[in-house]
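For reference, the structure is listed below as structure tokens.
Rule-based calculations on the coordinates, nothing more; no lab input. Since the structure is predicted, the reported quantities are computational estimates derived from the model, not experimental observations. Quick reminder, even Gly has a Cβ in these numbers, built from the backbone with ideal geometry, and neighbours come from all protein chains shown.
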Amino acid sequence: MRSLKEARYRLSLTKLDMAKRLNVSLSTIKKWEQNETHLNTIELIRAAKSYEMTNYELLQYLKLKIEN
């Protein structure tokens, strides 16, 4: 997985679908996917489950985005 957007596509979900799954706004999903904002700890745990990946996998992805 290269991005949250790709992970969402893999699950055949729209941004709105993912926002509803995570109980966040559509703009929050957009900002996460565009790396404009970062997830807090609770969001990270919930997002990993919703994106069907481990917390570690999601953290590794986010670490790469922050470093680049």
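Some notes on this structure:
- When only the Cβ of Lys, Arg, Asp and Glu is charged (+1, +1, -1, -1), the dipole of segment 7-68 relative to its Cα centre reaches about 180 debye.
- Computed extension length for residue 55-residue 23: 9.7 nm, one decimal, from 0.36 nm per residue of separation with the Cα-Cα distance subtracted.
- The Rg/Rh ratio of segment 1-44, with Rg taken over Cα atoms and Rh as the Kirkwood radius over Cα pairs, comes to 0.93.
- A dipole drawn for the chain from +1 and -1 charges on Cβ atoms has a positive end, and of 12, 35, 47 the residue lying farthest that way is 12.
- Angle in degrees between helix 55-67 and the longest Cα principal axis of the chain, rounded to the nearest 10: 70 degrees
- Relative contact order (%) - criterion: Cα under 8 Å, at least six apart; region: the chain: 29 percent
- The chain: angle of helix 41-50 to the longest principal axis, Cα-based, in degrees nearest 10: 60 degrees
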